[in-house]
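Every number here is computed from the coordinates shown, using simple stated rules; none is lab data. Quick caveat, the model's predicted, so the values are computed rather than measured. Cβ atoms come from the backbone with ideal geometry, glycine included; neighbour counts cover every protein chain shown.
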Amino acid sequence: MKYRRSGRDLLHRWEGNPVLTLEDMPFPCNSVFNGTPVKLNDEYLLLLRVEGQRGYSFFALARSEDGLHFEVEKKPALLPAEKGIFKVYENRGIEDPRATFIDGSFHILYTAVSEYSYRIALARTDDFRTFERIALISEPGNKDGVLFPKRVNGRYVRLDRPIGLGVGSMWVSYSHDLKAWGDSHVLMSPRWGYWDSFRVGASVPPIETDAGWLEIYHGTKMTSAGPIYRAGAALLDLKNPSSVKKRCDIPILAPREDYERVGDVGNVVFPCGAIVEPDGEIKVYYGAADTSIGVATARLPDLVECMADEETLSSDNEGVEG
Ligand code: BMA
């Protein structure tokens, strides 16, 4: 397997990128991006966000033996709900799935889109063939939900990104039953002057490491040509995920290749999940320019080492309004 170094990014792109494009889709659609990966029975599955030609999104499933070469199933995996309460809040589509294995099955947080704004929804599946919608778990104006893979101090934990007054921060919330959430706190905010100075949101469901919960997140910087979406990393305290221990001061992946620079929304890399291999390699799957999907890898310990103490980073920011 060959990986290409582009610039100084800590994540190295697979030289066969993009992994999936419109050309690989077995049915007509506008684009494929923002997929979440899982490994099931030695097979890699990628639940994809597909934007249909009408403009709203739904999910399709791709399968692979090596996590690099995927084949997309002929029929969509999950469409916006056609009845009940989910229909009301999904009538403009479903977006950005993020899968977590917990309590013996896969739990997918995704964004339900309607004229009433974004909400985070939860569905459960064992096989990615049938999905059971569990609940709409956020107020309107919230997206980028990711679920931790285990309970912490008896409670389920999630990260999300409620829309703020111009500033988009990452929050943490807790639940006893996955349906009712509370004890919400702001966790990480944009940093003035940094690559993540405009908005930050959770991207990859947190990964447990000896050093803490590794969160690969997305951060944006606003420019005169619009936002640039990059990926970064932070470590949260294992026993208290409301506490950020470390945060990387540089992005781990930034748009550099043509397929990341040019597309429906240019200058975007947007991870929605990762696979940690038994040998410590992490494969991060990301949407590129809202038009295709890429994969990039690193050694998990290298990602953990790249981070500076949060105290050092906050003192950099002292006295500066973000
Ligand atoms: C975010 C989400 C993603 C999208 C990204 C870049 O706010 O809506 O689905 O990939 O913007 O357009």
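Beyond a 26 Å Cα-Cα separation, which of these cross-linked pairs lie in this structure: Lys83/Lys283; Lys39/Lys221; Lys83/Lys143; Lys245/Lys283; Lys87/Lys283; Lys87/Lys179?
Violating the 26 Å Cα-Cα cut-off are Lys83/Lys283; Lys39/Lys221; Lys87/Lys283.
Counting every Cα pair in the chain, what percent are over 28 Å apart? Walk me through the intermediate numbers first.
Numbers: 17490 of 51681 pairs.
Above the 28 Å cut-off, the chain has 34 percent of its Cα pairs.
What is the sum of charges around Ala298, taking Lys and Arg as +1, Asp and Glu as -1, for the other residues whose C-beta is under 10 Å from the C-beta of Ala298? Write down the numbers at each step before the final one.
Values: positive: Lys283, Arg299; negative: Asp9, Glu281, Asp302.
Once positives and negatives cancel, what remains is -1.
Under 10 Å from the Cβ of Leu40, count the other residues' Cβ atoms, weight Lys and Arg +1, Asp and Glu -1, and hand me the total.
Its environment carries a net charge of -2.
Using each residue's phi in region 72-77, evaluate 6.51 cos²θ - 1.76 cosθ + 1.60 at θ = phi - 60° and report the 3J(HN,Hα) Karplus result to the nearest Hz, with x for Gly and Pro.
Those phi angles translate into 8, 5, 6, 10, x, 8 Hz.
Order these peptides, 277-286, 197-206, by their mean beta-carbon neighbour count within 10 angstrom, highest first.
Output ranking for 277-286, 197-206: 197-206, 277-286.
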